[in-house]
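Quick notes on the structure that follows.
The values are calculated or read from the model by the stated rules, or taken from the named source; none is laboratory data. None of these values were measured; they are calculated from a predicted model. Neighbour counts run over all protein chains shown; Cβ positions are idealised from the backbone, glycine included. The area values use the complete protein model at the heavy-atom level, side chains included, leaving out ligands, DNA and RNA. Shrake-Rupley method; radii C 1.70, N 1.55, O 1.52, S 1.80 Å.
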Amino acid sequence: MGTPPFEEALNTRAPARRASGRRRCAVLARTVVLLFLAASAASAQKPGALVSARRGMAVSACERASAVGARIMREGGNAVDAAVAMGFALAVTYPSAGNLGGGAYIIIRMADGREAAIDARETAPAAATATMYLDATGAVLRNASLRGPRAAGVPGSVDGLLTALARFGSLDRARVLAPALELADAGYRLKKHEAMFLESQRPAFAEFPSTLRVYGASPHREGSRFRQPDLAAALRRIAREGRDGFYLGETAEYIVRQMREGGGLITHADLAGYSCIVRKPLHGSYRDRELLTMPPSSAGGIGLVQMLNILERHDIAGMGAGTPATLHLLAEAMRRAYADRWKYLGDPAYVDIPQERLVSKDYAGNLDTSIDAARATPSAAVRPGGPAREGGGQTTHYSVADRWGNAVSVTTTLNSICGGKCVVDGAGFLLNNEMDDFTIKPGEANQFGLVGSDANRIEAGKRMLSSMTPTIVLRGGAVELILGSPGGSTITTTVLQVLLNILEFAMPLDRAVSAPRMHHQWMPDSLYHEPRAMDRAAAATLAAMGHVLKERPAIGRVDAVYYHAASATWFGCSDRRGHGAAIGY
Ligand code: DON
């Protein structure tokens, strides 16, 4: 795994943007220089670096997984083969969010025009009920939806990855699972941050003997080899038998046993009955760009398109990046989209979502007219909501492109860091705690401060609402940008801002990804921002407009790929906020 060669000097035009005249020339010139400088600096392969390559690119939150993707493509596989191999590799090397026991959304856009949005979101077990996380008085049992087997939905990732491979891949299953198997079997040497991460989780892992056996048997140090034999065996069963090697037989038996031991609800019938859903991607547009993103059961795609539709009505480039006017407008668009999320969104198999209306340009026009350019609209005036609490979580996104122009955008999650912290004994993988993404009680905020409505109440077999927003942007029918992020409720607004940084502010990919971000989610009525998102004067202006500002150390963690058509070059960037890598070939 090394640094990909920089295959050419960049002496071509900058990414196109919507601007004209002298300003456009100046920005183009600046962009060319920045692209070149950033590309030159990339040989260090540090997170945040801009990496370029002629044939394809794999970007993820883990360097080993990116290397797996690049290797698969170098050996002739397409972007889907690579993405599937990366998904399984992340389950081995990125335990905070990579998974067999969680869920995923996969957006695929093949060069021949075929496309899919694979919904491999977890489902509520058949025995789940709307009140399962409430006590006899109706109060929320705080940890019940967050920790242990009872917090887990029926896992979807394995079926989703295998379905993507069967429909769009070109290599066989054993071949794409081989790198993950190797990593689990032979182990890998922990990097410093990985050893520190595992040690930091020790108190939580200690609640579950099965987890401690896998992740806490001995102290983790930089350079120590980390092997996962049970996980290797579970992967081998998938390689051999496909989905049956996970949802039936030995692995299923381990999962059900863990449920019995820990008061969980998932049964053999739940596992055997699980199926991902291959949906049509949600299409949106922003000026001359076309967008493919995730439809429900995610709220992300609808929210993203809604916000873009509002913003498209304004001269964002003219307003400038990071100015109070832009930040105010973003906050107001976000506030309105998140209010609608609360009211309308849930699993489309259970609730009627007025999707067409929500993503229509007309509706965005209505919302836009309610925005006061000088004053924050109090969230309570947009729609009634409830109190909120804040927590943390972990999810991961990866983006892949190949030499044929096929593109894959995957966001996958266990929900919280390491999900419910409980390893399935004998099978070596962590279970999700995705049940907490349901409305545990109307009006009560979840760990991301999101309040839920009845549309997202727990029902047997239902998919819990998500914010994950894997997205692909097309320009002239060809892939231009592949991106997504973790960050719970901030995922959609993170994707939005990186998009705007590229399409409106003509930033090269690395700057677009690293630029400071803000977030508003209607409730709580706060404008969150990273430390450098605004200077003092801008903060004072926004406060005077009625925004309640709250600083957060980091918002989102993007892994993105950009195609610069004029130079026929793929660029990759893994967010400086994490430890990932972009690897080209
Ligand atoms: O699906 C969702 O929206 C959440 N389960 C995602 C969790 C997450 O992003 C945590 N990450 N930092």
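Quick one: Debye curve from the alpha-carbon atoms of the chain only, equal weights, vacuum; give me log10 I(q)/I(0) at q = 0.05, 0.08, 0.10 Å⁻¹ to two decimals.
Taken in order of the listed q values, log10 I(q)/I(0) reads -0.18, -0.49, -0.78.
So if I restrict to the alpha-carbon atoms in region 182-264, what is the Rg, and what is Dmax, the biggest pairwise distance, in Å?
14.6, 37
Over the chain, what is the mean sequence separation of C-alpha contacts under 8 Å (at least six apart), divided by residue count, expressed as relative contact order in percent?
Working: 1467 pairs, mean separation 146.4, N = 585.
Answer for the chain is 25 percent.
Which semi-axes, in whole Å and largest first, does the equivalent ellipsoid of region 479-585 have when worked out from the alpha carbon gyration tensor as the square roots of 5 times its eigenvalues? Display every interim value, and only then the final one.
On the way: eigenvalues 158, 40, 27 Å².
Each semi-axis is the square root of five times an eigenvalue, giving 28, 14, 12 Å.
Of Ser489, Gly420, Gly153, which is farthest on the positive side of the dipole of the chain, counting Cα position, with +1 on Lys and Arg Cβ, -1 on Asp and Glu Cβ, and the Cα centre as origin?
Farthest towards the positive end: Ser489.
How would you order 65-75, 335-345 from highest to lowest mean count of nearby Cβ atoms within 10 Å?
Averaged packing, sorted descending, gives the order 65-75, 335-345.
Can you give the accessible area per residue of region 208-249, in Å², using a 1.4 Å probe?
Values: 2040 Å² over 42 residues.
It amounts to 49 Å² per residue over region 208-249.
Taking the solvent-accessible surface of protein heavy atoms with a 1.4 Å probe, what is the per residue accessible area of region 39-114 in Å²?
Values: 1640 Å² over 76 residues.
Heavy-atom SASA per residue in region 39-114 reads 22 Å².
Could you pull out every whole DSSP H run in the chain that spans at least 27 Å of Cα extent along its own axis and averages -1.0 or higher on the Kyte-Doolittle scale? Mind dumping the intermediate values first?
On the way: long enough: 21-41 (30 Å, 1.06); 324-344 (30 Å, -0.53).
Span-like helices in the chain: 21-41, 324-344.
Run the simple label-point estimate for Ala186 and His283 please: 7 Å along Cα→C-beta, distance reported in nm.
4.6
Within the chain, what whole-number % of the accessible surface is contributed by carbon and sulfur, with the 1.4 Å probe and all protein chains included in the calculation?
Working: 10480 of 19660 Å².
Result for the chain: 53 percent of the exposed heavy-atom area is carbon or sulfur.
Considering only protein heavy atoms, what is the solvent-accessible area of Phe429 at a probe of 1.4 Å, reported in Å² to the nearest 10?
10
Nothing charged except the Cβ atoms of Lys and Arg (+1) and of Asp and Glu (-1): what's the magnitude of the dipole of the chain about its Cα centre? Round to the nearest 20 debye. Intermediate results must be reported in sequence, preceding the final value.
Values: 66 positive and 55 negative charges, 254 e Å.
Taking the Cα centre of the chain as origin, the dipole is about 1220 debye.
How long are the semi-axes of the ellipsoid equivalent to region 41-114, from square roots of 5 times the Cα gyration tensor eigenvalues, in whole Å, largest first? Could the numbers behind the result be given before it?
On the way: eigenvalues 78, 69, 25 Å².
For region 41-114, the semi-axes come out at 20, 19, 11 Å.
In debye, nearest 20: dipole of region 510-556 around its Cα centre with unit charges on the Cβ of K, R (+) and D, E (-)?
Working: 6 positive and 5 negative charges, 12 e Å.
The dipole of region 510-556 has a size of about 60 debye.
How much length is gained on full extension from Asp315 to Ala139, taking 0.36 nm per residue of separation minus their Cα-Cα distance? Walk me through the numbers on the way to the answer.
Numbers: separation 176, 0.36 × 176 = 63.36 nm, distance 4.73 nm.
Stretched out fully, the Asp315 to Ala139 stretch lengthens by 58.6 nm.
For region 479-585, report the accessible area per residue in Å² (1.4 Å probe, heavy atoms, rounded to an integer).
Details: 2720 Å² over 107 residues.
Here the per-residue accessible area is 25 Å².
Picking from Ala478, Tyr105, Gly216, whose Cα lies most toward the positive end of the charge dipole for the chain (charges on Cβ: Lys, Arg +1; Asp, Glu -1)?
Ala478
Please compute the modelled spin-label separation between Ala543 and Asp352, points set 7 Å along Cα→Cβ, answer in nm with one decimal.
4.7
Note down the nm distance, to one decimal, between modelled labels 7 Å out along Cα→Cβ at Ser360 and at Glu222.
5.9
About the Cα centre of region 249-329, how large is the charge dipole given +1 on each Lys and Arg Cβ and -1 on each Asp and Glu Cβ? Please answer in debye to the nearest 20. Don't jump to the answer; show the numbers that get you there.
On the way: 7 positive and 8 negative charges, 35 e Å.
Charge dipole of region 249-329: 180 debye, to the nearest 20.
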